[in-house]
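Input: a single structure, listed below in structure tokens.
None of the figures in this text is laboratory data; all of them are computed from the coordinates on show. Since this is a predicted model, take the numbers as computed values, not measurements. No Cβ is skipped: glycine too gets one built from the backbone with ideal geometry, and neighbour counts run over all protein chains shown.
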Number of protein chains: 2
Amino acid sequence: MRARVYVTLKPSVFDPQGRVVADALLSLGYEDVSDVRQGKFFDLELSDTDTDPAAARARVTEMAEKLLANPVIESYRVEVLP
Amino acid sequence: MRARVYVTLKPSVFDPQGRVVADALLSLGYEDVSDVRQGKFFDLELSDTDTDPAAARARVTEMAEKLLANPVIESYRVEVLP
């Protein structure tokens, strides 16, 4: 079973990486880009003993809270794939 | 119009960040995690003069090739959202 966790800065938090990418795109002539936000994701390969998608989602959500995201400034979304 | 570009290391490329996250999860007791790969994504806000999704996709693919991804070691996927 596989799971993916998307982590993004909360909308109210300034994203300097995204700002730099937006500026670089502008300087390359892509003037239609008005904003860029950067995020990350983690693809987790879970062992086959996890067969219940709901249980896997709960476990991965726990991992996101504890390690993968910083809930103070980041939000996350968990997707469980069969 | 918005577009999202997902960038991941190609499967044959070693992912040290993912390795460290996998080790950290193991040490937290999540022994069912057998592998982690980390990727990133860019959310692009495009100005409203881009109304043709196919043209926007072509432009964003060009941005990915030129700036957002390193096609030697990374693969990318473009998603255009209305």
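By how many degrees, between 0 and 90 and to the nearest 10, does the Cα long axis of helix A:53-63 differ from the longest principal axis of chain A? Value to nearest ten degrees: 60.
Explain nothing, just the number: relative contact order of chain B, from Cα pairs under 8 Å at least 6 residues apart, as a whole percent.
Across chain B, relative contact order equals 53 percent.
Taken over chain B, the percentage of Cα pairs per 5 Å bin, counting from 0 up to the bin with the maximum distance, is 3, 14, 21, 16, 13, 11, 10, 7, 4, 2, 0. GNM on chain B, alpha-carbon springs under 10 angstrom: the most fluctuating residue among B:VAL72, B:VAL36, B:VAL60 is B:VAL72. Taking 0.36 nm per residue of separation and subtracting the Cα-Cα distance, full extension of the segment from B:ARG2 to B:GLU74 would add 23.7 nm. Please report how far the C-alpha centroid of the range A:1-42 lies from that of the range B:18-60, rounded to the nearest whole angstrom. Result: 11 Å between the Cα centres.
Among the chymotrypsin sites (Phe, Trp or Tyr not before Pro) within chain B, those in coil by DSSP and having at most 16 neighbouring Cβ atoms inside 10 Å are B:PHE14. Helix A:16-27 and the longest principal axis of the Cα set of chain A meet at an angle near 50°. Computed over neighbours whose Cβ is under 12 Å from that of A:VAL5, the net charge equals +3, Lys and Arg +1, Asp and Glu -1. Among the residues of A:29-38, the average count of other protein chain beta-carbon atoms within 10 Å of the residue beta-carbon is 6. Mean-square fluctuations from a GNM of chain A, with a 10 angstrom spring cutoff on Cα atoms, peak among A:ALA58, A:ALA69, A:ALA24 at A:ALA24.
Residues of the range B:64-82 falling in the label zone of B:SER12, defined by backbone nitrogen less than 20 Å from a point 7 Å along Cα to beta-carbon, are B:69-77.
Determine Rg/Rh for the protein assembly as shown; Rg is computed over alpha-carbon atoms and Rh is the Kirkwood hydrodynamic estimate from the same atoms. The Rg/Rh ratio comes out at 1.01.
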